[in-house]
1. Please go through the range 100-154 and give me each residue that is among the acidic types (Asp, Glu) and modelled with pLDDT under 95, ordered by number.
2. Could you run through the range 45-59 and say how many residues are touching a residue at least 40 places away in the same chain (Cβ under 8 Å) and surrounded by fewer than 20 Cβ atoms within 10 Å (Cβ to Cβ)?
3. Are there any pairs with C-beta distances below 7 angstrom linking a residue in the range 115-139 that is free of Cβ contacts under 8 Å to residues at least 60 places away in the same chain and assigned by TED's automatic domain parsing to the domain that holds ILE65 to a residue that is of a type in the set (Gly, Ala, Ser) and in a loop (DSSP other than H, G, I, E, B), with the two at least 6 apart or on different chains, and if so which?
4. Give me the residue from the range 107-130 that is closer than 18 Å to ARG62 by Cβ and among the hydroxyl-bearing types (Ser, Thr, Tyr) and, out of that set, surrounded by the most Cβ atoms within 10 Å (Cβ to Cβ).
5. Within the range 9-63, which residues are charged (D, E, K, R) and either at pLDDT 65 or above or under 15 Å from the mean Cα position of the chain (by Cα) (or both)?
6. How many residues does the range 72-114 contain that are closer than 30 Å to ARG39 by Cα, charged (D, E, K, R) and either touching a residue at least 40 places away in the same chain (Cβ under 8 Å) or out of contact with any Pro (no Cβ under 9 Å at 6 or more places or on another chain) (or both)?
Amino acid sequence: MRPSKLLGPIALVLWLPFLAINLASLPALIRSASRADERALPTATVENGQTIYCRMRLCDFRFPIPSDTRVDHFDHVKGGMDTIDGEVLVTSSQNSSIDMQRYAAQLKQQGFNVSICEECPSLSAGSTAPLGGSISVDDFGETITIRFGYFGDY
């Protein structure tokens, strides 16, 4: 076989990894371009009354709040292109203590890996899809503060 006939396949093999990397990042670049006019990113909002929606320039992250609660307010929300950190204050709508076990089950049902400390009482959870999300609660009562964060790979 002549060397010139080998150049085409060799060039293709050398360009494939470069092409794959660029194609894999294409959805994030399109999402970033579509959000170019949104100056207030990252942001966290309440979606459907029971889900916190974290919107960043390159990524989105959602997590549920405990059942039978309402969001009082967000605090310390900050981040970057694919990161967000903040806190959300949540209060029981039943005027009773928020049940840690019930919230842990709710998070597991949404695909989170959850660990709890009964003695503390505290809960921490990590998202499995998308990877990179985390939430934690250090004290359970009628009102709780949920700390959340996300660091993505878009």
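1. Within the range 100-154, GLU118, GLU119, ASP138, ASP139, ASP153 qualify.
2. The qualifying residues number 0.
3. THR128/GLY111; ALA129/GLY111
4. Taking the candidates together, the pick is SER127.
5. If the condition is that a residue be charged (D, E, K, R) and either at pLDDT 65 or above or under 15 Å from the mean Cα position of the chain (by Cα) (or both), then ARG35, ASP37, GLU38, ARG39, GLU47, ARG55, ARG57, ASP60, ARG62 are the ones that fit.
6. The qualifying residues number 5.
The values are calculated or read from the model by the stated rules, or taken from the named source; none is laboratory data. Just so you know, these numbers come straight off a predicted model, no measurement behind them. Cβ: placed from backbone, ideal geometry, glycine included. Neighbour counts: every protein chain shown.
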